[in-house]
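Chemist: There's a structure below that I have some questions on.
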Amino acid sequence: MNFVRIHGVLLHYRLAGPEGAPALALANSLGTDARIWDAVIDELAADYRILSYDKRGHGLSDSPEGDYRLADHLDDLEGLLDHVGFDRLALGGVSVGGLIAQGFALRAPERLAALVLCNTAPLMGDAAMWAARIETVRRQGLAGLADMVTERWFSPDFRAARPDDLAGWRNLLLRGDAAGYAATCATLRDTDLSDAIGAIDLPSLIVAGADDLAAPVDLVRHCTAIAGSRFEILDGVGHIPSIEQPEKLAALMRQFLKEAGHG
């Protein structure tokens, strides 16, 4: 395990793949940690140097007090990329991780060769929804929303056919930090990049899950405001394609990054 303190916040990160290979960084979703990317990393690590990390408030990283702004997540990521020596990279993210990726593309486009935006949008939900989610977590902890969240994470087929996997990912959610979860809900509550992402001028792969209840296809389609972006829908997938269909996602990413000249 690797740890580094960025602007006073301890971040847990992992590196896979050969040094000197094209760089790829991956950001996790709300209520998860870097492990959601493991099966995709297994598929791509022969050809890429891959950074995955637990964003603040999640996994083994610190959970600073107070609401988190998108800028806080961007500062964390920028410092972590500097620490591992990723000067130019492809950046992927799912859900709020995809929102972080959009924000980073707006902040530091010169560092990016390509974007992979999974199950995300420039505006996810509305302030009232996130305020209610925050209140539930503060009153009941993560157990108060575990069933609802895992239903939104995974397709009906996954939930029916892989009950033990479902139980394991539910455990991951329940063992997370409730305060960090709520603070990251505030990021989603307060961030709207709808009027900004049209300025992104990078090769961009946008992936939606046909069975995603958290970021439905039509919501994810808003990311196509990025000119020239490629939009793909994965059938039988909920909110986290790197868990449900990692081989298909990795194949899409590999072909896309090759076409983008990164790999």
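The values are calculated or read from the model by the stated rules, or taken from the named source; none is laboratory data. These numbers were taken from a predicted model, which means no experiment stands behind them. Backbone-built Cβ (ideal geometry, glycine too); neighbour counts: all protein chains shown. Please note that ligands, DNA and RNA were not included when accessible areas were found on the heavy atoms of the full protein model with its side chains. Shrake-Rupley method; radii C 1.70, N 1.55, O 1.52, S 1.80 Å.
Chemist: Quick check, is Ser63 in contact with a helix residue (DSSP H, G or I) (Cβ under 7 Å, 6 or more places away or on another chain) and among the polar types (S, T, N, Q)? Before you say what the answer is, go through the steps one by one.
Modeler: Values: in contact with a helix residue (DSSP H, G or I) (Cβ under 7 Å, 6 or more places away or on another chain): yes; among the polar types (S, T, N, Q): yes.
Yes: the conditions hold for Ser63.
Chemist: Right, something else. Look at Leu117 and say whether it is touching a Phe, Trp or Tyr at 6+ places or on another chain (Cβ under 7 Å) and crowded, with 22+ Cβ neighbours inside 10 Å.
Modeler: Working: touching a Phe, Trp or Tyr at 6+ places or on another chain (Cβ under 7 Å): no; crowded, with 22+ Cβ neighbours inside 10 Å: yes.
Considered against the rule, which asks whether it is touching a Phe, Trp or Tyr at 6+ places or on another chain (Cβ under 7 Å) and crowded, with 22+ Cβ neighbours inside 10 Å, Leu117 comes out as no.
Chemist: Kindly state which helices (runs of 4 or more DSSP H) lie completely within region 146-215 and contain at least 3 residues that are over 16 Å from Gly97 (Cα atoms). Walk me through how you get there before you give the answer.
Modeler: Values: elements: 146-153, 156-161, 163-174, 178-190.
So the answer is 146-153, 156-161, 163-174.
Chemist: For region 219-261, enumerate the residues that are open to solvent by 20 Å² or more (accessible area, probe 1.4 Å) and not in a helix (DSSP H, G or I). Reasoning before the result, please.
Modeler: So the first thing to find is which residues in region 219-261 are open to solvent by 20 Å² or more (accessible area, probe 1.4 Å), and the list is 219, 221-222, 224-225, 227-233, 235-236, 244-245, 247-248, 251-252, 254-255, 258-261.
Of everything in region 219-261, those that are open to solvent by 20 Å² or more (accessible area, probe 1.4 Å) and not in a helix (DSSP H, G or I) turn out to be Ala227, Gly228, Ser229, Arg230, Phe231, Glu232, Ile233, Asp235, Gly236, Gln245, Ala260, Gly261.
Chemist: Return the total of residues in region 22-51 being over 28 Å from Ser63 (Cβ atoms), in contact (Cβ under 8 Å) with a residue 60 or more places away in the chain and open to solvent by 10 Å² or more (accessible area, probe 1.4 Å).
Modeler: Result for region 22-51: 4.
Chemist: Further, regarding this structure: Find all pairs meeting these conditions: Cβ atoms under 6 angstrom apart; at least six residues apart or on different chains; first residue within region 199-222 and closer than 17 Å to Ala250 by Cα; second residue polar (S, T, N, Q) and open to solvent by less than 60 Å² (accessible area, probe 1.4 Å).
Modeler: The qualifying pairs are Ser204/Ser229; Ile206/Ser229; Gly209/Asn119.
Chemist: Just for region 154-175: of the residues that are touching a helix residue (DSSP H, G or I) at 6+ places or on another chain (Cβ under 7 Å), open to solvent by less than 40 Å² (accessible area, probe 1.4 Å) and of a type outside the set (S, T, N, Q), which one is farthest from Asp211 (Cα to Cα)? If you could, list the steps in order and put the result at the bottom.
Modeler: Within region 154-175, the subset touching a helix residue (DSSP H, G or I) at 6+ places or on another chain (Cβ under 7 Å) is 154-155, 158-159, 166, 169-170, 173-174.
Narrowing further to those that are open to solvent by less than 40 Å² (accessible area, probe 1.4 Å): 154-155, 158, 166, 173.
If we keep only those that are of a type outside the set (S, T, N, Q) as well, we get 154, 158, 166, 173.
Details: Phe154: 8, Phe158: 10, Leu166: 16, Leu173: 20 Å.
Result: Leu173.
Chemist: Might you check whether a residue that is without any contact (Cβ under 8 Å) to a residue 12 or more places away in the chain and among the charged types (D, E, K, R) occurs anywhere in region 241-256?
Modeler: Kept after step one, since they are without any contact (Cβ under 8 Å) to a residue 12 or more places away in the chain, are these residues of region 241-256: 245, 255.
Then keep just the ones that are among the charged types (D, E, K, R); that gives none.
For region 241-256, residues without any contact (Cβ under 8 Å) to a residue 12 or more places away in the chain and among the charged types (D, E, K, R): absent.
Chemist: Could I ask something else about it? Kindly provide the set of residues from region 56-71 that are open to solvent by 20 Å² or more (accessible area, probe 1.4 Å), out of contact with any His (no Cβ under 6 Å at 6 or more places or on another chain) and either touching a residue at least 40 places away in the same chain (Cβ under 8 Å) or more than 16 Å from Ala27 (Cβ to Cβ) (or both), ordered by number. Quick ask: steps written out before the conclusion?
Modeler: Looking only at region 56-71, we keep the residues that are open to solvent by 20 Å² or more (accessible area, probe 1.4 Å), and these are 56, 59-60, 62-67, 69-71.
Right, trim to out of contact with any His (no Cβ under 6 Å at 6 or more places or on another chain) and you get 56, 62-67, 69-71.
The answer is Arg56, Asp62, Ser63, Pro64, Glu65, Gly66, Asp67, Arg69, Leu70.
Chemist: Specify the residue that is farthest from Gly263 (Cα to Cα); the eligible residues are those in region 1-22 that are assigned to a loop (DSSP other than H, G, I, E, B) and of a type outside the set (Gly, Ala, Ser). Talk me through it step by step, then tell me what you get.
Modeler: Initial filter on region 1-22 (assigned to a loop (DSSP other than H, G, I, E, B)): 1, 7-8, 17-22.
This time we only want the ones that are of a type outside the set (Gly, Ala, Ser), so: 1, 7, 18-19, 22.
Values: Met1: 26, His7: 32, Pro18: 13, Glu19: 13, Pro22: 6 Å.
Among residues in region 1-22 that are assigned to a loop (DSSP other than H, G, I, E, B) and of a type outside the set (Gly, Ala, Ser), the one farthest from Gly263 (Cα to Cα) is His7.
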